[in-house]
Every structure is written in structure tokens, then in C-alpha cells.
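K.L.:
Mind having a look at this structure? Questions to follow.
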Amino acid sequence: MTELSTAISPPVAGTTTSAVSIRGVTKRFPGGKGAEPVVAVDALDLEIEDGEFFSLLGPSGCGKTTTLRMIGGFEYPTAGSIQIFGEEVGLLPPNKRPVNTVFQSYALFPHMTVAQNIAFGLEMQDVAAAEIKERVGNVIELVQLEGRENRKPKQLSGGQQQRVALARALVNRPKVLLLDEPLGALDLKLRQAMQLELKEMQERVGITFIYVTHDQEEALTMSDRLAVMDHGELLQVGAPETIYDKPRTRFVADFIGDTNLLTATVIDGRAVRLSDGSAIRVENDRPVGSTVTVAVRPEKLGLRRVESDRDLTLDAIDGHVERVTFLGNALAYEVTADAGDPRATLRIRQGNAPGVEHFGVGDAVRVRWAPGSATVLED
Amino acid sequence: MSVVDTGSGAGEPVSEDSVARPRRAVERLLAGNAWMVFAFLYLPILVLAVLSFNDNRVVGIWGGFTFRWYGEMFADRNVMGALRNSLYVAGISTVVSTALGTAAGISLERFRYRGQRAYDGLLYLPVIIPDVTMAVMLLLFFVQAFDLAGALFGIDARYGIGTISLSHIAFNISFVAVVVRARLAGLDGRLEEAAADLYASRWKAFRKVTLPLIAPGVAGGALLALTLSLDDVVITSFVAGPGSTTLPVYVFGLVRRGVTPLINAVSVLMLVASMMLVLVSLLVSRRQGE
């Protein structure tokens, strides 16, 4: 349970150090005629620290975009409080908030040039013309758009438009930058390049980034911390490693990465018994004899030949290889346990490194389970 | 090898022929139809234009080429008075209805409020109800309003340019709203959010982002309003007062006493004015496309 507690951000009460502090925020949208109102965000509590790259991750309709839009001021919370650096902003219009947004479709002004687009926010704040010129020049350099100042957004590629959108927001030096799936419209190669670039840029400018995405890989790659949401609720908040290695619920385990979900019975606080009778060491705080779900990542399991494995049968499941898929950098196996009703199927992934033994379909194997690699889910 | 040869060599012309031959006949028929429609529409205009240069008081008989009727037209105080009234009414009603219609279009497209659906439906009514009905409605309204104004404030309101302008504003608002709204519907709402996000107040966001982007729609609506106002006869003739006739109403009155070359000349003038409006609107929409 000690590991699990780090997965939940500690409740910080009344501090003003958080970049964004969301407390008890609920957003209900009116339903159709006579229908119940739709709860998009349900009693959300969230603290986002200064200088963090924070991601809101979840499937579409999970409330992540609504949350971001409430921070930006495009939606007002039905209940609760939103503070930006200690200042209550819940009901302020967007133009009165010290945040800027990079929109999903960029929302560049089509009738203005790149430079005019970027200068817009500064002009609206009545910044002196000379300063506008200097700051726009600097930010154009930052996003590497030199020489394209006088183009219209339509004349730019998707990646360049993305940079303009970023520059247009960053030039205002917001306290918090909100990004609503900004890479969604780009192709894979460009998206991966932009992921690195965004992360680098965030470290350089030191601004808190709040990043909404449904792409779990993106969230894991870029974030300092991330929150997984579903049905308007926060399921887990933590560092990418924590979320990946110690998912708290079935949804989080399943949504992020590939995972094996196995039914087991609790032996004691340190071990459970799987359906095939094998004992596995997993820290847990469940009552003895209760049924739980254990999650383990395919790459954390090892495969050995039964006959060459002389270790104890603790932390091991005997089975037969059902399927092998060659992935280039790795091999994916499906192994069915020899005992149990129903027989458990395990997915195992082994790196294609020298010295790693390859197995064929039908081979009798022992699945090795390193202590601490599995976690007991709450549901 | 031989199979490939017959496929690419002999096969192609055959298939092209079998598809193309019947289409050619249909194409000819369609082209013929287009020309007939074209002639049907434009021959009367040609006749009108030619006869306006006819140096003969009897319209049907050619008496040589002359600019006489145009000279008479510009010298005719009635025609010029009616033209002045027309331009005045068209100017006022275009400006006012464009402003109000644009506001109506924006309110329907961008805001949500009580009674919006009813307002939405009712706004389009003037577009679909017959001119005569509209005219009678407006006349009844003015009768009642004038009675009330007289009884309450002792104001002696009269029919004239004022009532005509109000009536034209009333029916033009709907047309402007429809055109502006169509343009707004194609505009990404996030642009306005982006403007607000970049510290623009509502008014600044409208001025700097929304208005420039819907400008072609607003211009289109204004041109439509101008055109509709310039050639309205039915409604104007109901709500016009003595001495406040517009050009189309004046021409309509003249025709009842027989078609004269003067009427032809006035009609050509109006025709040229309309064509110029169409030209302007085409230029506007082309600029918008760029």
C-alpha cells in the first residue's frame, strides 16, 4: 500500500503554490427535452504544480476536455472552485484569465498573417508596438518559423500551423498553457517529433503545461504527471511510471498499455493464489480468502523451459505456448496455463535481444514472475 | 502477350464509343435547352433596350436611333423625384436592415436564449409570405400606429418616405439575417474562443475576428437588401403617401396609361443599375474565395 499511496496526489488544502487548483468542480450540461442533465465532470479535485507538464488522459467523453475548457474559461463550473496561482477564476471570462490555449484545430485567424496572429494577444493587452515587434520576433524564432511571418495560415503545413498556434499562445507568457489535443491532426512521424519538441520547449520556457490527450503513449512520453479520467471522474493521478507500473483500477490498467488481468484469491498480505493453483507474491491489503484482480504487464513476465528451471515453483505458472507473434524488436507470446478452470491465458512480451531463447507453439514453458511486478487492483 | 494487346489496343475505342454516343445526343439536347432558356430570359431585355433607343412615339415601329428618351427621362421632374425617393429609401433601409439583420443572424447562430426557436421561425416569415399580405399587414399596422400616436401624443404622422423606409427595413431584415447566418454557420466557433483566450473583449473579438470573416456575408446581405428595396412595387404602393412614390411604383403607374419609349428608357436605367449590383456582389464573393 505504500507504493499505492504515491499514486494519489496528496490532498493539499489551502495552499497557493499550485499553478492550478481544482476543488470539488462539477459540470453538468442540460440534457435534451425532459432528459437528465449530463454530468461531464463530477466533483473533481486536482492540484497542478507550478512548472509541471501535466496531462489529462482518457477516452473521448471522459470529461478531460471539459475540465480544460473550464480552466480556460470557455465553460463555467456548475459547482466548485478553480484557482490559478491562488486566484479564484471559476467564473471569469477567458480574456480575464492568465492562461492561454492551443486549440485542437489550432483556430488560427484565417484573415491574418502569421505575425498578426501571434501579435493578436499582445495587441489586445495594449502592449507597446515596439515591444510587440520584439516579442513576436523572439517567439517566431523559438518555434522556428522565421521567414514565414507574412504567410496566411492556409499557406502553411499542418506542423507549421501547429507552431503558429503555440507561438500565438506562448508570446503572452501565460502562467499556464492549456493544450487541447494539439497534435491530433498531425501524422505519426511529425507527431512524435512534435512531442519531443513540445516537452523541450516546456522545459525551456518553464511554464506549466496542461495537456489533454486520448493518446496514452503521448501522455506517458511527455508528462511529469498525468491524470487518468473516465466518466467525469479522476481515476488516478501520478507520475507516468506509477500509473503504468501500479495502476489502481481495472480501467487504468487496461487503458494504459497492454496488460494481463488475472483473477486470484488472497493468501495473505504478501501473496495471492491464481486459478491454476500457483502462488504469486503481490503486496496487498485485502482480507484473506477474498477474490481480487491482479494486473501484470506482458514485458514484466519471463519465459523459461520447464526442465531447465530448477527454482521453486513460487512466482511461476506452468503452461504451453498458444501463439507466437514476431514484432521485430520483441516477441509476443500467448501462454495458456496447464491447470485451472477456466485456464488463464497470459500475454508475455520478450525483447528480441541476443541470448533470449525463442519458443514455438506447443512448447511447455514456465512463466516467471518477478516479485513486485504485479499489482492488485481495487475493482 | 496477345491478350494484353487486344485489351489495350482494340478494347478502348469500342468502350469509348458505346458510352459516348448516346451521351452526345443528350448533351446536344441539354445545350439546346440552355440556349432556349437563355433566349427566353434575355430576348425581352434586348427588345426593351433596343426600343429605348427608338425614335418613334409609337413603341412597336422603328423610327431610327435616338437618345431622346434618355434626355427626356433626366429632364422629367417626376421621374427624377421618384428616382431620388427610391435611392433614399434603398439607402436608409439597406443600412438599417443590414445592421439589424446581422445582429439577428448572430444572435440566432451564436447565443442561446428563451424563445429563440420561436424567434427563429418568425424571422423567416417575411421571406415566405406573399408581398400583398405583407403590404396589407404593414398598412394596417401603420393605420393603428398612427391612430395611437395621434391619440396619445397628438402627433400627426403621415404616409410617405418614412413609412416606405420602415416597411422596406421590415422585410429586408429577414433576408440579411438569412445570408449572414449562413456565413456564420460556416465559421469555426473556436476562432471567437481563441480571440477571447487572447484577451479580446466580446466587442473586440467581434470587431477583429468575427466581422472581418463574415464581411462577405454582410456585404451580400446588404446588396440583396438594396436590390429588393430598389425594385419593390407591391408593398411600397400600399404604404406610400402622396408625392412620395418610388421609381418602380411610378413606372407601374405610367404603364397603366400605355407603354411609352420613356418607360423603356427608365427600365433600361433600372436594369443597368441591377446589373451593376450583381457585378459588385460577384466581385465580393470572388474576393471572399481567395
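K.L.:
Let me check I've understood the local charge: for B:Gln116, count other residues with C-beta under 12 angstrom from its C-beta, Lys and Arg +1, Asp and Glu -1. What total comes out? Let's see the in-between values first.
P.N.:
Values: positive: B:Arg110, B:Arg112, B:Arg114, B:Arg117; negative: B:Glu109, B:Asp120.
Once all neighbours under 12 Å are counted, the net charge is +2.
K.L.:
Just the number please: accessible area per residue for chain B, 1.4 Å probe, all protein chains included, in Å². Numbers along the way, then the final one.
P.N.:
Numbers: 17310 Å² over 290 residues.
On a per-residue basis, 60 Å².
K.L.:
Please build a GNM for chain A, connecting alpha carbons under 10 Å apart, and tell me which residue among A:Ile243, A:Ile82, A:Ile132 fluctuates the most.
P.N.:
Most flexible of the set in this elastic network: A:Ile132.
K.L.:
Report the Cα centroid-to-centroid distance between the range B:109-165 and the range B:26-59 in angstrom, as an integer.
P.N.:
First find each Cα centre; the distance between them is then 40 Å.
K.L.:
Quick check for the protein assembly as shown: number of Lys pairs with alpha-carbon distance under 14 Å, counting only pairs 8 or more apart or on different chains?
P.N.:
Lysine pairs satisfying the spacing and distance rule in the protein assembly as shown number 4.
K.L.:
Sticking with this structure for a sec: Which whole-number percent of Cα pairs in the protein assembly as shown have a distance greater than 42 Å?
P.N.:
Details: 122017 of 223446 pairs.
Considering the protein assembly as shown, 55 percent of its Cα-Cα pairs are separated by more than 42 Å.
K.L.:
Percent antiparallel among DSSP beta bridges with both residues in the protein assembly as shown, to the nearest 5?
P.N.:
Details: 60 of 78 bridges.
So the antiparallel bridges amount to about 75 percent of the total.
K.L.:
For peptide A:97-109, how many partner chain Cβ atoms fall within 10 Å of a residue's Cβ, on average? Each step should come with its number before you reach the end.
P.N.:
Working: counts 3, 1, 1, 4, 6, 2, 6, 1, 4, 4, 10, 4, 8.
That works out to 4 on average.
K.L.:
Top to bottom by accessible area (1.4 Å), largest first, where do B:Met73, B:Met137 land?
P.N.:
On the way: B:Met73 0, B:Met137 95 Å².
The most accessible residue leads, giving B:Met137, B:Met73.
K.L.:
Mind checking A:124-133 for the average number of partner chain beta-carbons within 10 Å of each residue's beta-carbon?
P.N.:
Per residue, the average neighbour count from other chains is 1.
K.L.:
For the range B:166-173, just list the computed ³J(HN,Hα) in residue order, Karplus coefficients 6.51, -1.76 and 1.60, θ = phi - 60°, integers in Hz, with x standing in for Gly and Pro.
P.N.:
Using θ = phi - 60°, the values come out as 4, 5, 5, 4, 4, 7, 6, 3 Hz.
K.L.:
Just in the range A:205-275: which trypsin sites (Lys or Arg not before Pro) are loop by DSSP and have at most 14 other Cβ atoms within 10 Å?
P.N.:
On the way: sites: A:Arg225, A:Arg248, A:Arg250, A:Arg270, A:Arg273; in loops: A:Arg248, A:Arg270.
Here the sparse-neighbourhood loop sites are A:Arg270.
K.L.:
At q = 0.22 Å⁻¹, what is the base-10 log of I(q)/I(0) for the range B:176-276 according to the Debye formula with one equal point scatterer per Cα and no solvent? Please give it to two decimals.
P.N.:
With no solvent term, the Cα-only Debye profile gives -1.10.
K.L.:
At R0 = 30 Å, how high is the FRET efficiency between A:Leu327 and A:Ala185 if r is their beta carbon distance? Nearest 0.05 is fine. Don't skip to the end; give the middle numbers.
P.N.:
Values: r = 28 Å, r/R0 = 0.94.
Here the calculated transfer efficiency is 0.60.
K.L.:
How much accessible surface area, in Å² rounded to 10, belongs to the heavy atoms of B:Asp131 with a 1.4 Å probe?
P.N.:
We get 80 Å² for B:Asp131.
K.L.:
Another one. Taking every pair of Cα atoms in chain B, average 1/r, invert it to obtain the Kirkwood radius, and report Rg/Rh to two decimals.
P.N.:
On the way: Rg = 26.6 Å, Rh = 23.4 Å.
Radius of gyration relative to Kirkwood radius: 1.14.
K.L.:
Work out which chymotrypsin sites (Phe, Trp or Tyr not before Pro) in chain B are exposed loop sites (DSSP not H, G, I, E or B, at most 10 other Cβ within 10 Å) and give the longest gap free of them. If you can, show how the numbers build up before the last one.
P.N.:
Details: sites that count: B:Phe111, B:Tyr113.
Segment B:114-290 is the longest.
K.L.:
Show A:His358, A:His111, B:His168 ordered by accessible area, largest first, where the area counts protein heavy atoms only and the probe is 1.4 Å. Kindly include the intermediate steps, with their values, before the conclusion.
P.N.:
Numbers: A:His358 90, A:His111 55, B:His168 0 Å².
Most to least solvent-accessible, the answer reads A:His358, A:His111, B:His168.
K.L.:
So, one more: If you fit an axis through the alpha-carbon atoms of helix A:129-142 and take the longest principal axis of the Cα set of chain A, what angle between them do you get, 0 to 90°, nearest 10?
P.N.:
Taking Cα atoms only, the helix is inclined about 30 degrees.
K.L.:
FRET efficiency for A:Thr265 and B:Tyr124, Cβ-Cβ distance as r, R0 = 45 Å, nearest 0.05?
P.N.:
On the way: r = 69 Å, r/R0 = 1.53.
The value I calculate is 0.05.
K.L.:
Stretch A:Thr221-A:Arg151 to full length: gain in nm at 0.36 nm per residue minus the Cα-Cα span? Kindly include the intermediate steps, with their values, before the conclusion.
P.N.:
Numbers: separation 70, 0.36 × 70 = 25.20 nm, distance 3.25 nm.
Working it through step by step, the gained length comes to 22.0 nm.
K.L.:
Kindly report, to the nearest 10 Å², the accessible surface of A:Asp187 as traced by a 1.4 Å probe over protein heavy atoms only.
P.N.:
For A:Asp187, the solvent-accessible surface is approximately 100 Å².
K.L.:
Rounded to the nearest 5, what is the percent of antiparallel bridges among the DSSP beta bridges in chain A?
P.N.:
Working: 59 of 77 bridges.
Here the share of antiparallel DSSP bridges comes out near 75 percent.
K.L.:
Another question, if that's okay. Work out the mean other chain Cβ neighbour count within 10 Å for the residues of B:186-195 and drop it here as an integer.
P.N.:
Details: counts 0, 1, 6, 2, 9, 8, 1, 8, 16, 7.
Mean shielding by partner chains, rounded to a whole number: 6.
K.L.:
Compute the length gained on full extension between A:Glu378 and A:Glu87: take 0.36 nm times their separation in residues and subtract their Cα-Cα distance, giving the result in nm to one decimal.
P.N.:
On the way: separation 291, 0.36 × 291 = 104.76 nm, distance 3.56 nm.
In short, 101.2 nm is gained.
K.L.:
Quick one: among A:Gly51, A:Gly351, A:Gly238, which has the greatest mean-square fluctuation in a GNM of chain A with alpha-carbon springs under 10 angstrom?
P.N.:
A:Gly351
K.L.:
At a threshold of 8 angstrom on Cα-Cα distance, excluding pairs fewer than six apart, so keeping six or more, what relative contact order does the range B:20-72 reach in percent?
P.N.:
Details: 24 pairs, mean separation 10.6, N = 53.
So the answer I get is 20 percent.
K.L.:
Just the accessible area for B:Met276, please: 1.4 Å probe, Å², rounded to the nearest 10?
P.N.:
120
K.L.:
Report, to the nearest whole %, how much of the accessible area of the range B:82-166 belongs to carbon and sulfur atoms, 1.4 Å probe, protein only. List each step's numbers first, then the result.
P.N.:
Details: 3620 of 5190 Å².
Using a 1.4 Å probe with all protein chains present, the range B:82-166 comes out at 70 percent carbon and sulfur.
K.L.:
Computed from the mean reciprocal separation of all distinct C-alpha pairs, what Kirkwood hydrodynamic radius does chain A have, in Å? Spell out each step's value before the answer.
P.N.:
Working: mean 1/r = 0.0428 Å⁻¹.
Taking the inverse mean of 1/r over all distinct Cα pairs, chain A comes out at 23.4 Å.
K.L.:
Then there is this: Using a 1.4 Å probe on protein heavy atoms only, how many Å² of accessible area do A and B hide from each other, summed over both chains and rounded to 100? Don't jump to the answer; show the numbers that get you there.
P.N.:
Working: alone 18060 and 18340 Å², together 34420 Å².
For chain A against chain B, roughly 2000 Å² becomes buried.
K.L.:
Within 10 Å of each candidate Cβ there may be at most 10 other Cβ atoms; applying that plus a DSSP loop requirement, which trypsin sites (Lys or Arg not before Pro) in the range A:10-104 survive? Working shown, then result.
P.N.:
Numbers: sites: A:Arg23, A:Lys27, A:Arg28, A:Lys33, A:Lys64, A:Arg69, A:Lys96; in loops: A:Lys33.
Here the sparse-neighbourhood loop sites are A:Lys33.
K.L.:
Taking θ = phi - 60°, what integer Hz values does the Karplus form 6.51 cos²θ - 1.76 cosθ + 1.60 yield along the range B:221-235, in sequence order, with x for Gly and Pro?
P.N.:
x, 5, 5, 5, 4, 4, 4, 4, 5, 5, 10, 6, 10, 4, 5
K.L.:
Would you grab the residues whose amide H sits under 5 Å from the one on A:Thr113? Only those 5+ places off in sequence or on another chain, please, with H modelled 1.01 Å from N.
P.N.:
Under 5 Å from the amide H of A:Thr113: no residue qualifies.
The values are calculated or read from the model by the stated rules, or taken from the named source; none is laboratory data. This structure is a prediction, so every number in the text was calculated from the model and none was measured. Neighbour counts are summed over all protein chains in view; Cβ atoms, including those assigned to glycine, are modelled from backbone coordinates with ideal geometry. Remember, those area values only see protein heavy atoms, side chains included, never the ligands or the DNA or RNA. Shrake-Rupley method; radii C 1.70, N 1.55, O 1.52, S 1.80 Å.
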